[in-house]
Protein chains: 2
Amino acid sequence: MTNASSAVLDTAALLAAELADAAGEVIRRYFRQSVEIIDKDDASPVTIADREAETAMRRLITRHFPEHGVLGEEHGPDRIDAEWVWVLDPIDGTKSFISGVPLFGTLVALLHQGRPVLGVLDQPISRERWIGGQGRPTLFNGQPVRTRACADLARAAIFSTTPAMFDAVDRPRFDAIADAAKLVRFGADCYAYGLVASGFVDAVIEGSLKPYDYCAHVPIIEGAGGIVTDFQGRTPGLGSDGRIIAAGDPALHALLVERLN
Amino acid sequence: MTNASSAVLDTAALLAAELADAAGEVIRRYFRQSVEIIDKDDASPVTIADREAETAMRRLITRHFPEHGVLGEEHGPDRIDAEWVWVLDPIDGTKSFISGVPLFGTLVALLHQGRPVLGVLDQPISRERWIGGQGRPTLFNGQPVRTRACADLARAAIFSTTPAMFDAVDRPRFDAIADAAKLVRFGADCYAYGLVASGFVDAVIEGSLKPYDYCAHVPIIEGAGGIVTDFQGRTPGLGSDGRIIAAGDPALHALLVERLN
């Protein structure tokens, strides 16, 4: 990354925190309130809060970086061939949100030439925030965090949103990993990736994800000592197939890539 | 319930809140700290926090009600043939606890002649507490809560800790219910029952539970307008088989009992 790019990243990190603040203000107003639930084509529940929060974030990006691209879950793509592209998920874990479970999160990522270089994971109810940027230590509520060492699957805590997110090829491979792991938990959404960065969970394995579901996690987990890739071991960007392995210990990651192929 | 029993229940409700306070103080000290994890025979992780919290609760019960029985997850049964029996789970959701997920909870139940008549569900990190007592409205952090109406499975949000908790007979029945529901989520532990009482989740279906996992939920959900039974539709007590249906709407509950048999 050039000096000029690094300067953009510095400013962008401040903006990313502002985006999460803006989203959180909207989301806290709607959490555990009666909100009209609108079903999209894919039948996932999308709330008014989701849309309002993305609108607030896009407004801030346009004001500060009008030349940057934006891809959001709610309002679609905008100049995503730009050098810098923001990837937004105002409420990752809408099922948790509408069920009153405070494990959903606002995800903000910035991609530089296609690679995620900045990520924010914000839980607006518990007010927990992870922020990671290329070449910097990942911070949790302002304090550096590190992944934990765990190279052995038999000692590993593995998370995933639901076993139903895997296709017929991946499902038995995931199940075999789950059987061999020390502990498997479902349903933590993006929050599970934050727990990898903080060293309480060893890996997250998921399928059927969209770029706004995983891009933020790449710099967050890398900056804490871990690694996030697709099932082939490549750093995921906008064009990935949505099958993601995040691990705190690179040795465990290598083992999981092998087992999933 | 006689007047004398009702007076015991009044005093017991105050004590139950004290028990949860005492457990919470212990648990907050250990959450997201490095704790030596001791595996019991059943391979479930049990922390030092769990044991210390139960010891603190038992001490308070013995001081106030020396004649009452106590059944705890950590220290076993004590006079469980008494008229009044306390059932304690200091950390329900130890897997969540050791993974840093704040959805575990302290469960306190009081049984009168075998029936759960008082229940507390306390999340000590987010400081959320549900308390329910026979004949009283269930309170969430001091405010009355109600379950929501939802008689239709196609509109229902169903929670369960993990699909792996069902046996070979129940699993396909649960899967069929999950397929027909609007939304299915795993991994919320006891917290999901609180969300039923508060009207954000419609049902919880679980298998392989112990009395300390479910007794507290009976008065909490009943006092909010819902119902908790075993798969045969009976109010669960110490002798139940650990297969539990909790629902906010009695009509949905009846439908689930039918589908699970």
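Where in region B:204-261 are there helices (runs of 4 or more DSSP H), lying fully within it, with 2 or more residues that are within 11 Å of the chain's Cα centre (by Cα) and more than 18 Å from residue B:147 (Cα to Cα)? Can you show your working first?
On the way: elements: B:211-214, B:217-222, B:250-259.
Hits in region B:204-261: B:211-214.
In region B:71-91, what count of residues is obtained for those that are open to solvent by less than 20 Å² (accessible area, probe 1.4 Å) and closer than 15 Å to residue B:106 by Cα?
So the count comes out to 7.
Give region B:210-261 a look and list any residue that's among the aromatic types (Phe, Trp, Tyr) and free of Cβ contacts under 8 Å to residues at least 40 places away in the same chain, or say none. Step through it out loud before you land on a result.
First, pick out the residues of region B:210-261 that are among the aromatic types (Phe, Trp, Tyr): B:212, B:214, B:231.
Of everything in region B:210-261, just one residue is among the aromatic types (Phe, Trp, Tyr) and free of Cβ contacts under 8 Å to residues at least 40 places away in the same chain, namely B:214.
Is there a residue in region A:206-224 that is of a type outside the set (S, T, N, Q), in contact with a Gly (Cβ under 7 Å, 6 or more places away or on another chain) and farther than 17 Å from residue A:120 by Cα?
Scanning region A:206-224 turns up at least one residue that is of a type outside the set (S, T, N, Q), in contact with a Gly (Cβ under 7 Å, 6 or more places away or on another chain) and farther than 17 Å from residue A:120 by Cα.
How many of the residues making up region B:11-41 are modelled with pLDDT under 95, open to solvent by 10 Å² or more (accessible area, probe 1.4 Å) and either of a type in the set (D, E, K, R) or outside any loop (DSSP other than H, G, I, E, B) (or both)? Give the steps one after another, and end with the answer.
Taking region B:11-41 and keeping what is modelled with pLDDT under 95, we get B:26-41.
Remaining after also requiring open to solvent by 10 Å² or more (accessible area, probe 1.4 Å): B:26, B:28-41.
When the remaining residues are screened for being either of a type in the set (D, E, K, R) or outside any loop (DSSP other than H, G, I, E, B) (or both), the result is B:26, B:28-30, B:32, B:36, B:38-41.
Residues flagged as modelled with pLDDT under 95, open to solvent by 10 Å² or more (accessible area, probe 1.4 Å) and either of a type in the set (D, E, K, R) or outside any loop (DSSP other than H, G, I, E, B) (or both) within region B:11-41 amount to 10.
Looking at region A:146-164 only, could you name the residues that are more than 9 Å from chain B (Cβ to nearest Cβ), open to solvent by 20 Å² or more (accessible area, probe 1.4 Å) and in a loop (DSSP other than H, G, I, E, B)?
Across region A:146-164, the qualifying residues are A:146, A:147, A:148, A:149, A:151, A:152.
Taking residue A:186 as the residue in question, decide whether it is under 26 Å from residue A:90 (Cβ atoms), within 11 Å of chain B (Cβ to nearest Cβ) and modelled with pLDDT of 95 or more. Steps first, answer last, please.
Details: under 26 Å from residue A:90 (Cβ atoms): yes; within 11 Å of chain B (Cβ to nearest Cβ): yes; modelled with pLDDT of 95 or more: no.
When the stated conditions are applied, residue A:186 does not pass them.
For (1) more than 20 Å from residue A:154 (Cα to Cα); (2) surrounded by fewer than 22 Cβ atoms within 10 Å (Cβ to Cβ); (3) outside the structural domain of residue A:84 (by TED's automatic domain parsing), each residue gets a yes or a no:
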| site | (1), (2), (3) |
| --- | --- |
| A:171 | no, yes, yes |
| A:176 | no, yes, yes |
| A:190 | yes, no, yes |
| A:206 | no, no, yes |
| A:224 | yes, no, yes |
| A:229 | yes, yes, yes |
| A:246 | no, no, yes |
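To keep it simple, each residue is scored yes or no on (1) among the small types (Gly, Ala, Ser); (2) in contact with a Leu (Cβ under 8 Å, 6 or more places away or on another chain).
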| site | (1), (2) |
| --- | --- |
| B:82 | yes, no |
| B:93 | yes, yes |
| B:98 | no, yes |
| B:101 | no, yes |
| B:110 | no, yes |
| B:121 | no, yes |
| B:131 | no, yes |
| B:138 | no, no |
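Search region B:99-111 for residues being farther than 15 Å from residue B:61 by Cα and either out of contact with any Ser or Thr (no Cβ under 7 Å at 6 or more places or on another chain) or surrounded by fewer than 24 Cβ atoms within 10 Å (Cβ to Cβ) (or both), and hand back the single one that is farthest from the other protein chains (Cβ to nearest Cβ). Lay out the reasoning, then the answer.
If we filter region B:99-111 for residues that are farther than 15 Å from residue B:61 by Cα, which is where we start, we get B:99-106.
Okay, now just the ones that are also either out of contact with any Ser or Thr (no Cβ under 7 Å at 6 or more places or on another chain) or surrounded by fewer than 24 Cβ atoms within 10 Å (Cβ to Cβ) (or both), so B:99-102, B:105-106.
Working: B:99: 5, B:100: 3, B:101: 6, B:102: 7, B:105: 13, B:106: 18 Å.
Checked region B:99-111; the qualifying residue farthest from the other protein chains (Cβ to nearest Cβ) is B:106.
Identify, from the list A:82, A:109, the residue that is within 30 Å of residue A:2 (Cα to Cα), within 18 Å of the chain's Cα centre (by Cα) and either outside any helix (DSSP H, G or I) or not hydrophobic (A, V, I, L, M, F, W, C) (or both). Explain how you work it out, then say what you get.
Values: A:82 fails: within 18 Å of the chain's Cα centre (by Cα).
Being within 30 Å of residue A:2 (Cα to Cα), within 18 Å of the chain's Cα centre (by Cα) and either outside any helix (DSSP H, G or I) or not hydrophobic (A, V, I, L, M, F, W, C) (or both) holds for just one of A:82, A:109, which is A:109.
The values are calculated or read from the model by the stated rules, or taken from the named source; none is laboratory data. Keep in mind that what you see is a predicted model, and the values were worked out from it rather than measured. Backbone-built Cβ (ideal geometry, glycine too); neighbour counts: all protein chains shown. We work out accessible area using only protein heavy atoms, side chains counted, and drop any ligands, DNA or RNA first. Shrake-Rupley method; radii C 1.70, N 1.55, O 1.52, S 1.80 Å.
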